[in-house]
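Engineer: Structure below; questions to follow.
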Amino acid sequence: MNGTIAVVGAGISGLLVARALKARVGKVMVLEKSRGLGGRLATKRVGEAVFDTGAQYFTAKSERFAAMVAEWGTTGVVAPWPGASAHRWIARPSMNALGKFLAGGLEVRREAKVVKVQRAPGGWELTIENQPPARAERLVLTAPLPQSLALLQAGGVELPSELVKELAALTYHPCLALLLTLGGASAVPVEGVALTNGRVRWIADNTKKGISPGVAGAVTVHLSPSFAAEHFAKTETELAAMVLPDIADWLCAPVVNVALQRWKFSEPVASFAKGCVWLPELGLGLAGDSLGGPRVEGAALSGLELADQMAVDANA
Ligand SMILES: Cc1cc2nc3c(=O)[nH]c(=O)nc-3n(C[C@H](O)[C@H](O)[C@H](O)COP(=O)(O)OP(=O)(O)OC[C@H]3O[C@@H](n4cnc5c(N)ncnc54)[C@H](O)[C@@H]3O)c2cc1C
């Protein structure tokens with residue numbers, strides 16, 4: 001297995017752990033189930049309209065992540081969100097651009113859905129849907145935690161029981177994102193608007209954000225976690241009929257198309273205080289936002305922390 005490290009997931013935590021380990025330890029292979037890169041740093045095209053559907057922006061409050069973001073800024077792949085009052089960073093031209101940028105120089109197998117991970121002589125075997133299995137000496141899982149735990153369970157991998165108890169308690173809120181193409185300009189401010197009560201929690205106009213110049217308005221509407229949990233299976237038409245009256249004053253223009261993105265795992269309900277999990281005896285690491293703290297910055301820090309711990313062990 002030549003010391004290969006397999007990283008499951010090409011979200012920000014997986015890509016950062018892969019980049020750091022490639023630089024410090026050696027051969028790294030990333031397996032991503034989607035065609036796109038970046039995970040919940042996600043962008044979707046619907047006709048002529050382009051929408052950031054997951055993370056809308058990110059912060060860089062910690063010294064370590066701020067230094068990294070400042071360096072990315074010099075390449076133009078991230079920039080402050082124009083007009084935003086607080087310090088918010090966005091990727092350019094749209095949020096998934098950061099995933100593509102971070103994957104540069106890495107071996108990434110896209111459309112490689114891992115369905116089981118199990119112990120094998122000298123490391124790990126990963127079963128991949130419709131593809132030959134992959135082998136690696138060490139394994140990093142960065143999918144939302146319930147999905148990572150399901151891969152381990154499918155392969156009969158036993159973790160320490162106290163740890164399993166702690167990890168199994170880390171659940172996620174769902175989110176529903178309505179993607180509205182408008183026939184005219186919206187009244188949504190450039191920096192988007194967070195709503196604190198009711199069925200809608202966030203509205204942003206991607207045309208004003210600068211990523212959807214082909215249409216007069218392309219509005220992402222995130223519905224609140226409790227509403228999303230109750231109405232997760234509803235169609236875009238049903239959801240639009242329920243919530244569009246609530247935000248008519250922000251839209252101020254006819255809705256010419258409605259699309260829907262369902263996020264089963266949107267943001268962690270609570271996070272694990274330890275940042276990441278590294279089990280050297282198994283050669284197994286876990287990273288992501290439910291371990292490092294909610295949101296992009298917490299996920300990034302989790303990946304970096306895991307890479308630090310794995311590099312120390314590799315060099316010991
Ligand atoms: C609707 C929404 C709004 C948000 N808004 C914000 C915001 O404004 N600001 C902010 O900072 N954060 C926001 N977040 C949270 C932020 O997007 C996440 O915290 C962060 O992107 C998580 O990164 P991650 O690497 O931990 O996980 P992910 O980005 O989920 O990456 C995990 C990757 O693993 C892949 N994967 C999963 N299972 C498998 C498998 N079996 N085989 C292969 N690959 C697999 C997935 O496809 C994915 O690419 C939002 C999230 C959502 C959904």
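Bear in mind these aren't lab numbers, they're just calculated from the coordinates by the rules spelled out. What you are looking at is a predicted structure, and each value in this text was computed from that prediction instead of being measured. FYI the Cβ positions are ideal-geometry reconstructions off the backbone, even for glycines, and counts take in every protein chain you see.
Engineer: Fewest first, what order do 271, 34 take by the number of other Cβ atoms within 10 Å?
Structural biologist: 34, 271
Engineer: Additional query: Which of 296, 261, 279 sits farthest toward the positive end of the charge dipole of the stretch 256-299, with +1 on the Cβ of Lys and Arg and -1 on the Cβ of Asp and Glu?
Structural biologist: 261
Engineer: Positive end of the dipole of the chain, charges at C-beta (+1 Lys, Arg; -1 Asp, Glu), about the Cα centre: which of 169, 16, 248 has its Cα farthest in that direction?
Structural biologist: Looking along the dipole axis, the top candidate is 16.
Engineer: What longest range of the chain stays clear of loop-exposed GluC sites (Glu not before Pro) (DSSP non-H/G/I/E/B, at most 11 other C-beta within 10 angstrom)? The partial results should precede the final answer.
Structural biologist: Details: sites that count: 129, 158, 281.
Of all site-free stretches, the longest is 1-128.
Engineer: Using a 10 angstrom cutoff on alpha carbons, build the Gaussian network for the chain and name the most mobile of 116, 234, 209.
Structural biologist: Judging by the Gaussian network model, the answer is 234.
Engineer: In a Gaussian network model over the chain where Cα atoms closer than 10 Å are linked, find which of 28, 46, 114 has the largest mean-square fluctuation.
Structural biologist: The residue with the greatest mean-square fluctuation here is 46.
Engineer: Give the order of 30, 255 when sorted by the count of other beta carbons within 10 angstrom, beginning with the fewest.
Structural biologist: 255, 30
Engineer: Using θ = phi - 60° and the Karplus relation 6.51 cos²θ - 1.76 cosθ + 1.60, list the HN-Hα couplings for the stretch 189-202 in order, rounded to whole Hz, with x at every Gly or Pro.
Structural biologist: x, 3, 8, x, 9, 9, 10, 9, 9, x, 8, 9, 10, 7
Engineer: Moving on to the next point. Neighbouring Cβ atoms within 10 Å as the yardstick, rank 87, 222, 173 fewest first.
Structural biologist: Going from sparsest to densest Cβ surroundings: 87, 173, 222.
Engineer: Springs between alpha-carbon pairs under 10 angstrom, Gaussian network model over the chain: which of 212, 226, 161 fluctuates most?
Structural biologist: 161
Engineer: Can you give me the long-range amide H partners of residue 200? Hydrogens built in the peptide plane at 1.01 Å from N, cutoff under 5 Å, separation of 5 or more residues or another chain.
Structural biologist: Long-range HN contacts for residue 200: 224.
Engineer: On to the next question. Using the crude model of +1 on Lys and Arg Cβ and -1 on Asp and Glu Cβ, and no other charge, please compute the dipole size for the chain relative to its Cα centre, in debye to 20.
Structural biologist: The calculation lands at about 540 debye.
Engineer: Still on this structure, please answer the following. Which residues' amide hydrogens lie under 5 Å from the amide hydrogen of residue 192, considering only partners 5 or more residues apart or on another chain, with H built in the peptide plane?
Structural biologist: Correct list: 205.
Engineer: Taking amide H positions as placed 1.01 Å from N in the peptide plane, with prolines and chain starts having none, which residues 5 or more places from residue 54, or on another chain, fall under 5 Å of its amide H?
Structural biologist: 42
Engineer: Residues in the stretch 92-106 near a label at residue 74, defined as backbone nitrogen under 17 Å from the 7 Å Cα→Cβ point?
Structural biologist: 102
Engineer: Moving to a separate point now. Here are some pairs, 116/234; 61/208; 113/165; which of them have Cα atoms lying more than 28 Å apart in this structure?
Structural biologist: From the list (116/234; 61/208; 113/165), the Cα-Cα distance tops 28 Å for 116/234.
Engineer: While we're on this one: In 20 Å bins starting at zero, report the fraction of Cα pairs in the chain per bin as a rounded %.
Structural biologist: Distribution as computed: 33, 55, 12, 0 percent.
Engineer: To the nearest 20 Debye, how big is the dipole of the stretch 172-268 about its Cα centre, given +1 on the beta carbon of each Lys and Arg and -1 on that of each Asp and Glu? Write out the running numbers ahead of the final one.
Structural biologist: On the way: 7 positive and 8 negative charges, 36 e Å.
Once rounded to the nearest 20, the dipole reads 180 debye.
Engineer: Let me ask something additional. Calculate for the chain the 222 nm mean residue ellipticity that helices alone would give, adding -39,500 (n - 2.57) per DSSP H run of length 4 or more and normalising by residue count, nearest 500 deg cm²/dmol.
Structural biologist: Value at 222 nm, helices only, nearest 500: -8500 deg cm²/dmol.
Engineer: For the chain, list the DSSP H helices whose alpha carbon atoms reach 24 Å or more along the long axis and whose average Kyte-Doolittle value is 0.0 or above?
Structural biologist: Details: long enough: 295-315 (30 Å, 0.17).
Qualifying helices: 295-315.
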